[in-house]
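Here's the structure we're looking at; comments come further down.
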Amino acid sequence: MKLKDDYQKVICRHEFVCGLTNNLAAVRSVTITLFFERAFMKHYFNYLVILALLQFTHFDLHAQDKAYLQHVEKFFELVKGKKYGESIDYIYSSNSWILKTKSDDISLVRSSFASLPQLMGGYSGFEKLAEEEIGTRYVHLEYIVFFERQPLRIYFSFYKPEKEWIIQTFGYQDNIDEWSTEKARNTYLYSSP
């Protein structure tokens, strides 16, 4: 009885799709389609579970790859807490090579960055401007940081030599007008037909 009902469905589909009842090839194609539909529906739940697991695994792996953002978040937490010198110490603490070879340069950056509140006023937030991944183990980030007097551009480059992300480059620019003009010019030049 079940087979007869399925055959009737095939014939009805065939008539609907092809408009002919004597075309054996069309009946075969609809029968094959019906078979695959039934097989798919039988395992539909299994497919959904596998798909969900793949999606969660993908997001988890992607989150692990973006571990460098934790360094940036901690940096801005320290800035928000008015711990400007500590924020510089923290951001460079991930790279022992820079700490060994550039300690004098880090001291200069720390002292100039710590003087920002006197020059720029109070901190009021930040926004990400750009995140550019260069391959799978190098990333460049740019932020605009808002102070009472004017905004500031801060950029970070992180490198992943093995398992952990380390700072490669840190810098800031207080003359944002030059940078924004250059950025607008490049956008205009490269977007023209």
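Taken together, the values in this text are just the output of simple stated rules run on the coordinates, not laboratory data. Given the structure is predicted, the values throughout are model-derived calculations rather than measurements. In this analysis, Cβ positions are derived from the backbone assuming ideal geometry, glycine residues included, and neighbour counts consider all displayed protein chains.
For F146, F113, what's the fewest-to-most ordering of other Cβ within 10 Å of each Cβ?
Ordered by Cβ neighbours within 10 Å, fewest first: F146, F113.
Would you order W179, W165, W97 from fewest to most other beta-carbon atoms within 10 Å of each residue's own beta-carbon?
Placing the least packed residue first, the sequence is W97, W179, W165.
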